[in-house]
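Participant: Structure below; questions to follow.
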Amino acid sequence: MFIDQSGFLLNPLVRRTLAPRGQTPKLLVRGRHRQKVSVMAALSLSPRRNQLGLYFRTLQDGYFQTEHIVAFLRDLLYHFRGRIIVVWDGWKVHDAAAKLVRSPRLETVSLPGYAPDLNPVEHIWNRLKWSYLANAAPADSTELHHQLRPLLLQTAQSLPQLISFWKGAKLPLHQLKLKR
């Protein structure tokens, strides 16, 4: 199971877009704000059933702290039987959370530093930010949250997308025959 967190800000990620000649599109945004939506996601691969799944949690106008990660890990332990191997980056909060959970079924592995491309969840963030939410300028974090949750649900339900994120990480396990 690969886990990662990301933040979605109100400032749009500006991408090239189409517009009638001579009519440059304009994005109206509020300046100097700190509103955001934080998202934590886990992309799981069941070796027995050979299936992928995406599980996520959102937090409006906040940052994930140790207690949020502990709760997320406990939810995963509740919903999954058997051993869970969590692969994530070397953020110190991750280690603290894993020590607080203390489950014999939970094992954690840290990715090497500066290797976000090895985590397939990073590809999910890229798709959301640079495709679905590109040029989006929500008025506040509530509107951003209302835009983001359906996109996360849609991503979780799209097996072809999950497979592409998994294969995009170019991990040794990408050769698994995943069911479409």
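Bear in mind these aren't lab numbers, they're just calculated from the coordinates by the rules spelled out. Quantities reported herein were computed from a predicted structural model and do not represent experimental measurements. Here the Cβ is made from the backbone with ideal geometry for all residues, glycine too, and neighbour counts use every protein chain on show.
Participant: Relative contact order of the chain: what whole-number percent is it, with Cα pairs under 8 angstrom and at least 6 residues apart? It would help to have the intermediate numbers written out before the result.
Facilitator: Details: 254 pairs, mean separation 52.9, N = 180.
Once divided by the residue count of the chain, the mean separation gives 29 percent.
Participant: Let me ask something else. Once amide H atoms are built 1.01 Å from N in the peptide plane, which residues 5 or more positions from GLN51, or in another chain, come under 5 Å H to H?
Facilitator: Hits under the 5 Å cutoff: SER46.
Participant: Sequence-distant or interchain residues sharing an amide H contact under 5 Å with LEU106, placed H: which?
Facilitator: Counting only residues 5 or more places away or on other chains, the set is ILE84.
Participant: Mind listing which chymotrypsin sites (Phe, Trp or Tyr not before Pro) in region 111-153 are in a DSSP loop and have 15 or fewer other Cβ atoms within 10 Å? Numbers along the way, then the final one.
Facilitator: Details: sites: TYR114, TRP125, TRP130, TYR132; in loops: TYR114.
When the chymotrypsin sites (Phe, Trp or Tyr not before Pro) of region 111-153 are filtered for loop state and at most 15 Cβ neighbours within 10 Å, TYR114 remain.
Participant: Sticking with this one: Could you order peptides 37-44, 140-147 by the average number of other Cβ atoms within 10 Å of their residues, highest first? Each step should come with its number before you reach the end.
Facilitator: Details: 37-44: 21.8, 140-147: 16.5.
Order by mean packing, descending: 37-44, 140-147.
Participant: Counting other beta carbons within 10 Å of each residue's own, what order do VAL14, VAL87, VAL93 fall into, fewest first?
Facilitator: On the way: VAL14 12, VAL87 20, VAL93 16.
Final ranking by Cβ density, sparse to dense: VAL14, VAL93, VAL87.
Participant: About the Cα centre, and with charges only on the beta carbon of Lys, Arg (+1) and Asp, Glu (-1), how big is the dipole of the chain? Nearest 20 debye, please.
Facilitator: Numbers: 26 positive and 11 negative charges, 105 e Å.
Dipole size: approximately 500 debye.
Participant: By how many nm would the segment from ASP75 to VAL109 lengthen if fully extended, with 0.36 nm per residue of separation less the alpha-carbon distance? Can you show the working numbers first?
Facilitator: On the way: separation 34, 0.36 × 34 = 12.24 nm, distance 1.87 nm.
Taking 0.36 nm per residue and subtracting the Cα distance, the gain is 10.4 nm.
Participant: For the chain, what does -39500 (n - 2.57) per DSSP helix run (n ≥ 4), summed and divided by total residues, give at 222 nm, in deg cm²/dmol to the nearest 500? Before the final figure, lay out each step's value.
Facilitator: Details: 5 runs with 59 residues, N = 180.
Dividing the helical sum by the residues of the chain leaves -10000 deg cm²/dmol.
Participant: State, to one decimal in nm, how far the label point of ALA137 lies from the label point of LEU151, with both points 7 Å from Cα in the Cβ direction.
Facilitator: Placing both labels 7 Å along Cα→Cβ, they lie 1.7 nm apart.
Participant: Among DSSP bridges having both ends in region 35-170, what percentage is antiparallel? Round to the nearest 5.
Facilitator: Details: 10 of 15 bridges.
Antiparallel bridges: around 65 percent, rounded to the nearest 5.
Participant: Also: Give me the extension gain from GLN51 to TRP130: residue separation times 0.36 nm, minus the current Cα-Cα distance, reported in nm with one decimal.
Facilitator: In short, 25.8 nm is gained.
Participant: Give the total of Lys-Lys pairs in the chain with Cα-Cα distances below 30 Å; include a pair only if its members are 8 or more places apart or on different chains.
Facilitator: 17
Participant: SER158 to TRP91: FRET efficiency via 1/(1 + (r/R0)^6), r the Cβ-Cβ distance, R0 22 Å, to the nearest 0.05?
Facilitator: Numbers: r = 28 Å, r/R0 = 1.26.
With R0 = 22 Å, the Cβ-Cβ based efficiency is 0.20.
Participant: How much FRET efficiency would the formula 1/(1 + (r/R0)^6) give for LEU100 and ARG21, where r is the Cβ-Cβ distance and R0 is 45 Å, rounded to 0.05?
Facilitator: Details: r = 59 Å, r/R0 = 1.30.
After rounding to 0.05, the efficiency reads 0.15.
Participant: Still on this structure, I have one more. Which residue, ILE163, ILE85, ILE69, has the most motion in a Gaussian network model of the chain that connects Cα atoms within less than 10 Å?
Facilitator: With Cα springs under 10 Å in the chain, the top fluctuation among ILE163, ILE85, ILE69 is at ILE85.
Participant: Which of these, GLN154, GLN23, GLN51, has the largest mean-square fluctuation under a Gaussian network model of the chain (Cα springs below 10 Å)?
Facilitator: Top of the fluctuation ranking is GLN23.
Participant: Additional query: Just to be sure I understand: with springs between alpha-carbon atoms less than 10 Å apart, which residue in GLY90, GLY53, GLY22 has the highest mean-square fluctuation in the Gaussian network model of the chain?
Facilitator: Judging by the Gaussian network model, the answer is GLY22.
Participant: If amide hydrogens are placed 1.01 Å from N in the peptide plane, which non-local residues have theirs closer than 5 Å to the one on ALA136?
Facilitator: Amide H neighbours of ALA136, under 5 Å, 5+ apart: LEU13.
Participant: Per residue, what volume in Å³ does the convex hull of the Cα atoms of region 65-180 enclose? List each step's numbers first, then the result.
Facilitator: Numbers: hull volume 16.5 nm³, N = 116.
About 142 Å³ per residue, rounded to a whole number.
Participant: Towards the positive end of the charge dipole of region 35-170, with charges on Cβ (+1 Lys, Arg; -1 Asp, Glu), say which of PHE64, PRO116, SER46 has the farthest Cα.
Facilitator: Looking along the dipole axis, the top candidate is SER46.
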